[in-house]
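*Asks:* Right, I'll just put the structure down here and ask away after.
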Amino acid sequence: MAKAVAADTAQIYVPPKPTLTSLRKASKGCQACDLYKRGTQTVFGEGTAHAKVMFAGEQPGNDEDLAGKPFVGPAGKLLDRALEAAGIDRTQTYVTNVVKHFKWVPRGKKRIHEKPNAGEIRACLPWLEWELKMVRPEILVCLGATAAQAVLGKQFRVTQQRGKILQSALASKVMATVHPSSILRAPDEETRRLEMQHFIDDLRIIVRHLK
């Protein structure tokens, strides 16, 4: 019996002599995993071409999937407020996701987020690797456990190591914090307020390191 061939990754879609523009265009046709069958479109990263800070979340949500832009839904609006409070201009950053298609399951008329699996993350990771090569940020900020573990390894725990400046093979400085959506899911107003303040404090660490 012939040996099974390992699944392809997005690397086969990367154009020769890539630029952010050509990568974004090429990503529209990515079929490295089956998520392209569920998502409306590929949601590539956006922002300043040589941003000092890059933010990477898990995957686009429902609003991002429909708009084709990262972090434009409720979590993105919360991120905007936190960045402003921390003194970071979002227009001078680059925002993206580890997985570029929206993974969801139906619940009535709604599309509910479903966590991407290891194979889907592996298949999509070359897009993030090339975004990092093109932008060359001083700090990569991972938003949430999925993004942090994709960059820093499966043993990484955001609850234990959030706000620390670390290194990885993908970036010389990496910091992980919670995903803004986790703040929105907090059970009550007081918890949301405290979690938001903790999130802002994490973002202020970035500002100190850039200075």
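The values are calculated or read from the model by the stated rules, or taken from the named source; none is laboratory data. What you see is a predicted model; the values in this text were computed from it and never measured. Ideal geometry is used to build each Cβ from the backbone, glycine not excepted, and the neighbour counts take in all protein chains shown. We work out accessible area using only protein heavy atoms, side chains counted, and drop any ligands, DNA or RNA first. Shrake-Rupley method; radii C 1.70, N 1.55, O 1.52, S 1.80 Å.
*Asks:* Which whole-number percent is the relative contact order of the stretch 1-87 (Cα, under 8 Å, 6+ apart)?
*Replies:* For the stretch 1-87, the relative contact order is 20 percent.
*Asks:* Write down the accessible area per residue of the stretch 32-156 in Å², having rolled a 1.4 Å probe over the full set of protein chains.
*Replies:* 44
*Asks:* Using modelled amide H (1.01 Å from N, peptide plane; none on Pro or chain starts), what sits under 5 Å from the amide H of residue 57, excluding residues fewer than 5 places away?
*Replies:* Placed amide hydrogens put 96, 97, 98, 143 under 5 Å from residue 57.
*Asks:* Would you work out which of 184, 146, 172 lies farthest towards the positive end of the dipole of the stretch 112-208, given +1 charges on the beta-carbon of Lys and Arg and -1 on that of Asp and Glu, about the Cα centre?
*Replies:* Result: 172.
*Asks:* Nearest 10 degrees is fine. How inclined is helix 189-210 to the longest principal axis of the chain, computing both from alpha carbons?
*Replies:* That helix lies at roughly 80 degrees to the long axis.
*Asks:* Can you give the accessible area of residue 40 in Å² (nearest 10), computed on protein heavy atoms with a 1.4 Å probe?
*Replies:* Accessible surface of residue 40 is approximately 80 Å².
*Asks:* Here's a follow-up. So what J values fall out for the stretch 143-158 if you push phi through Karplus, 6.51 cos²θ - 1.76 cosθ + 1.60 with θ = phi - 60°, rounded to Hz, Gly and Pro as x?
*Replies:* 9, x, 5, 4, 5, 4, 6, 5, 8, 10, x, 5, 7, 5, 10, 4
*Asks:* Between residue 89 and residue 19, what FRET efficiency comes out of the Förster formula 1/(1 + (r/R0)^6) with R0 = 25 Å and r the beta carbon distance, rounded to 0.05?
*Replies:* Computed FRET efficiency for residue 19 and residue 89: 0.60.
*Asks:* With the crude spin-label approximation of a point 7 Å out along Cα→Cβ, what separation in nm comes out for residue 117 versus residue 190?
*Replies:* Result: 4.2 nm between the two label points.
*Asks:* Angle, helix 74-86 long axis vs. longest principal axis of the chain, Cα atoms, 0 to 90°, nearest 10?
*Replies:* The angle comes out at about 50 degrees.
*Asks:* State the percentage of accessible surface on the chain attributable to carbon and sulfur atoms; use a 1.4 Å probe and exclude ligands, DNA and RNA.
*Replies:* 53
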